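First up is the structure itself, then whatever we jot down about it.
Each value in this text was obtained by applying a stated rule to the coordinates, not by laboratory testing. All figures in this text were calculated on a predicted structure; none of them were measured in a lab. Note that each Cβ is placed from the backbone with ideal geometry, even for glycine, and that neighbours are counted across all protein chains shown.
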Amino acid sequence: MKFFIPQAERPEQAEEVYAATKKFAAETMGWQIGDARVRRITYTDKGKLVRATVGNPEPREGELVIAILESNTYLVCTPNRGVLCGMPIMIGKREVTDVEYFEP
């Protein structure tokens, strides 16, 4: 699937939102953020498989997933968790069982 940001009206707007989200995450977390564009991660949370996908509601908190960033951990970014405010939802790399990337 081609890269997109939910609710972005133009590809340029999607790039702007993505860049701003990466910058905010780097400042908030104090870590470098990788360049990989992650579409979906599947991970284990309290013994259950959970899937977070860009464009869908985040399964545990219900907010729309705007981006998933790859860093020291995976960072699931929703409007109130990593995009407009707050810290992203951190998912440890050991908990992740599958990663799907957007097409280059």
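Name the GluC sites (Glu not before Pro) in region 17-104 that are in a loop by DSSP and that have at most 15 other C-beta atoms within 10 Å, would you?
Values: sites: Glu27, Glu61, Glu63, Glu70, Glu95, Glu100; in loops: Glu61, Glu63, Glu95.
Those satisfying the criteria are Glu61, Glu95.
Given an 8 Å cut-off on Cα distances and at least 6 residues of separation, report the relative contact order of region 18-101 as a percent. All intermediate terms of the calculation are to be shown ahead of the outcome.
Values: 164 pairs, mean separation 26.2, N = 84.
The normalised contact order for region 18-101 reaches 31 percent.
Where nothing but the Cβ of Lys and Arg (+1) and of Asp and Glu (-1) is charged, how large is the charge dipole of the chain around its Cα centre, in debye to the nearest 20? Working shown, then result.
On the way: 14 positive and 15 negative charges, 68 e Å.
For this selection, approximately 320 debye.
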> Mind checking the angle between helix 11-29 and the chain's longest principal axis? C-alpha axes, 0 to 90 degrees, to the nearest 10.
Replying inline: 50 degrees
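Hand me the tally of lysine pairs in the chain: alpha carbons under 20 angstrom apart, and the pair either on different chains or 8 or more positions apart.
Working: Lys2/Lys22; Lys22/Lys93; Lys46/Lys93; Lys48/Lys93.
Close lysine pairs found across the chain: 4.
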> Quick one: if you stick a label point 7 Å off each Cα along the C-beta vector at Glu95 and Lys23, how many nm between them?
Replying inline: 2.9 nm
> Taking Rh as the Kirkwood radius, which is the inverse of the mean 1/r over Cα pairs, what is the Rg/Rh value for region 37-94?
Replying inline: 0.92
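Loop only by DSSP, 10 or fewer other Cβ within 10 Å of the Cβ. Give me the trypsin sites (Lys or Arg not before Pro) in region 51-104 that pass, ordered by residue number.
Working: sites: Arg51, Arg60, Arg81, Lys93, Arg94; in loops: Arg60, Lys93, Arg94.
When the trypsin sites (Lys or Arg not before Pro) of region 51-104 are filtered for loop state and at most 10 Cβ neighbours within 10 Å, Arg94 remain.
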